[in-house]
Amino acid sequence: MKLLVVGGGGREHAIIRSLKKNPAVTDIYALPGNGGIASDAVCVPIPATDIENIAAFAVENQVDYAVVAPDDPLVLGCVDALEAKGIPCFGPRANAAIIEGSKVFAKNLMKKYRIPTAAYEVFDNMDAALRYLDAAPIPTVIKADGLALGKGVIIAQTREEAKDAVKSMMADKIFGASGDHIVIEEFLTGPEVSVLAFTDGKVVKPMVSSMDHKRAGDNDTGLNTGGMGTVAPNPYYTEEVAKQCMEEIFLPTIAAMNAEGRTFRGCLYFGLMLTPQGPKVIEYNCRFGDPETQVVLPLLESDLLTIMRACTNGTLADTEVKFSSKHACCVILASQGYPTAYKKGYEITMTPEAREATFVAGAKLEDGKLLTSGGRVTGTTAVADSLEAAIREAYRLSDGVKFENAYRRSDIGRRALQAGK
Ligand code: AMP
Ligand code: GLY
């Protein structure tokens, strides 16, 4: 079987390594992939957003099944384009990917179907937004409507900061057209949990829960990043909370999308906050999380390709989705200076055992050498019987990945270890 995976980060590397376990898979093409993915798949330099050429490549190379992993091609209709050429795909069509592509859509959906989320107002006029802020509760959260590379959220601690955020989005357009509409919402508190879930639009089968570490610095200080490390399962996500989320959030969301004529098939990511009033949705993503995937898939005991095809075919109810009861931890190595300015082009070396445990995110091959080419460079994952052992082993293995100017947080998993203590 010939597979095509759209994307080129650590998440895609983890997906490809899991897909490869199926003995029916003969070829995997990664578009565009990266220098590290090149050891596990054939990388083809077609950008993930070049939908026309992705579809043409799939037809020419007689691809049997495609997985579209990143948000932008999904929102732009990559699945629709591949399906139009007769290529079955894992991932939502554009009309369902809007659940991530528009925060206004997502908030209005939750309000209409009574899915718990932060109270909010939508604005398309800056003066109205500024007037609203005169009396809004502080802190408050300002969100640009569209995709903004995960940076479109500003938590304002003062009224001034909130007004500056609105002006920067709506007048200065720091996130481009994403700032034409904004959401101003209630500031929530509580532990955050990421739950990725498989769905065929009929049933929903959640994966093991995880915890991301979004800030650049130790003890959750510094700027927001794409994620500096993850652990799974998330200790705050107890069986009782899981049951409540299934009844109040997961099933109602699938039903709401169906009722809107926007059936969601693929991986739906629920970004949850466990507030004193119960679990609430912070955000939906229409895809696997990065670096959540790097701890979730190593714990998957069932066959990933079989599950993905069941999501496409509508047979997920009859398909086993089983996770190990072990623990996983992923430690990201980033380029010093990420998420703002950083240098690229440093050679990466890995010990053999580190290589096996490492998913490559930002690297390119040049004359046979692996060179850094992005902010997040690698993610090293360990699986162990306890969370403590998984953290220790992930750091030990990550010591075997070396490049100049490498930076990592030293406290991935610490908060999870302290949960309930
Ligand atoms: P997002 O890009 O939607 O994942 O938001 C980035 C981060 O901002 C989240 O992971 C939360 O930590 C935080 N956040 C977003 N919305 C809220 C909210 N309503 N209250 C508190 N924190 C929030
Ligand atoms: N790790 C957060 C995300 O994938 O959006």
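The values are calculated or read from the model by the stated rules, or taken from the named source; none is laboratory data. Here the structure is a predicted model, which means the values were calculated and not measured. Neighbour counts run over all protein chains shown; Cβ positions are idealised from the backbone, glycine included. Heavy atoms of the whole protein, side chains included, go into the accessibility calculation; ligands, DNA and RNA do not. Shrake-Rupley method; radii C 1.70, N 1.55, O 1.52, S 1.80 Å.
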- From Pro92, Pro70, grab the single residue that is out of contact with any helix residue (DSSP H, G or I) (no Cβ under 7 Å at 6 or more places or on another chain), in contact (Cβ under 8 Å) with a residue 60 or more places away in the chain and under 19 Å from Ala197 (Cβ atoms). Pro70
- Query: If a residue has to be free of Cβ contacts under 8 Å to residues at least 40 places away in the same chain and either among the β-branched types (Val, Ile, Thr) or in contact with a Pro (Cβ under 6 Å, 6 or more places away or on another chain) (or both) to count, how many in the range 1-38 make the cut?
  - Reply: 4
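Residues checked against (1) open to solvent by less than 40 Å² (accessible area, probe 1.4 Å); (2) in contact with a Ser or Thr (Cβ under 7 Å, 6 or more places away or on another chain):
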| residue | (1), (2) |
| --- | --- |
| Tyr29 | yes, no |
| Gly33 | yes, no |
| Ser39 | no, no |
| Pro47 | no, no |
| Ile51 | yes, no |
| Ala55 | yes, no |
| Val59 | no, no |
| Tyr65 | yes, no |
| Asp72 | no, yes |
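Please count how many residues of the range 209-221 are of a type outside the set (Asp, Glu) and away from ligand 2 (no atom under 15 Å from the Cβ). If you could, list the steps in order and put the result at the bottom.
Applying the first criterion (of a type outside the set (Asp, Glu)) to the range 209-221 yields 209-211, 213-217, 219, 221.
Checking the rest, the ones that are also away from ligand 2 (no atom under 15 Å from the Cβ) come to 217, 219, 221.
Looking only at that region, the number is 3.
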- Message: Anything in the range 169-181 that is closer than 13 Å to Asp127 by Cα, open to solvent by 20 Å² or more (accessible area, probe 1.4 Å) and either within 16 Å of ligand 2 (Cβ to nearest atom) or in contact with a strand residue (DSSP E or B) (Cβ under 8 Å, 6 or more places away or on another chain) (or both)? List them, or say none.
- Response: Met170, His181
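Would you check which residues across the range 309-328 are assigned to a helix (DSSP H, G or I) and surrounded by fewer than 17 Cβ atoms within 10 Å (Cβ to Cβ) and list them? Reasoning before the result, please.
In the first step, residues of the range 309-328 are kept if they are assigned to a helix (DSSP H, G or I); the result is 309-313, 316-318.
Those that are assigned to a helix (DSSP H, G or I) and surrounded by fewer than 17 Cβ atoms within 10 Å (Cβ to Cβ): Asn313, Ala317, Asp318.
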- Check on Ile15, open to solvent by less than 30 Å² (accessible area, probe 1.4 Å) and within 29 Å of Met246 (Cβ to Cβ): yes
- Query: For the range 41-67, how many residues meet the condition of being outside any strand (DSSP E or B) and in contact (Cβ under 8 Å) with a residue 60 or more places away in the chain?
  - Reply: 3
- Message: Six or more apart or on different chains, Cβ atoms under 7 Å: show the pairs whose first residue is in the range 382-397 and farther than 15 Å from Pro298 by Cβ and whose second is hydrophobic (A, V, I, L, M, F, W, C) and not in a strand (DSSP E or B).
- Response: Glu388/Leu417
- Task: State whether the residues of the range 197-214 include one that is outside any strand (DSSP E or B), over 27 Å from Gly91 (Cβ atoms) and of a type in the set (A, V, I, L, M, F, W, C).
- Result: no
- Counting only residues that are assigned to a strand (DSSP E or B) and open to solvent by less than 30 Å² (accessible area, probe 1.4 Å), how many does the range 329-349 have? 7
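Here's the yes/no breakdown for (1) among the charged types (D, E, K, R); (2) more than 12 Å from ligand 1 (Cβ to nearest atom); (3) open to solvent by less than 10 Å² (accessible area, probe 1.4 Å):
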site: Asp164; (1), (2), (3): yes, yes, no
site: Lys167; (1), (2), (3): yes, yes, no
site: Val183; (1), (2), (3): no, no, yes
site: Ala197; (1), (2), (3): no, yes, yes
site: Val203; (1), (2), (3): no, yes, no
site: Asp212; (1), (2), (3): yes, no, no
- What do you reckon, is Phe323 under 18 Å from Ile15 (Cβ atoms) and in contact with a Gly (Cβ under 7 Å, 6 or more places away or on another chain)? no
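Going by the conditions given, is Pro339 within 16 Å of ligand 1 (Cβ to nearest atom) and at pLDDT below 95?
Spelling it out, Pro339 is indeed within 16 Å of ligand 1 (Cβ to nearest atom) and at pLDDT below 95.
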- Message: Checking the structure you have, find out if any residue of the range 43-55 is in contact with a Phe, Trp or Tyr (Cβ under 7 Å, 6 or more places away or on another chain) and either at pLDDT 95 or above or closer than 20 Å to Ile332 by Cβ (or both).
- Response: yes
- Hits in the range 184-208 - residues which are more than 12 Å from the chain's Cα centre (by Cα), within 15 Å of ligand 2 (Cβ to nearest atom) and farther than 12 Å from Pro233 by Cβ: Glu192
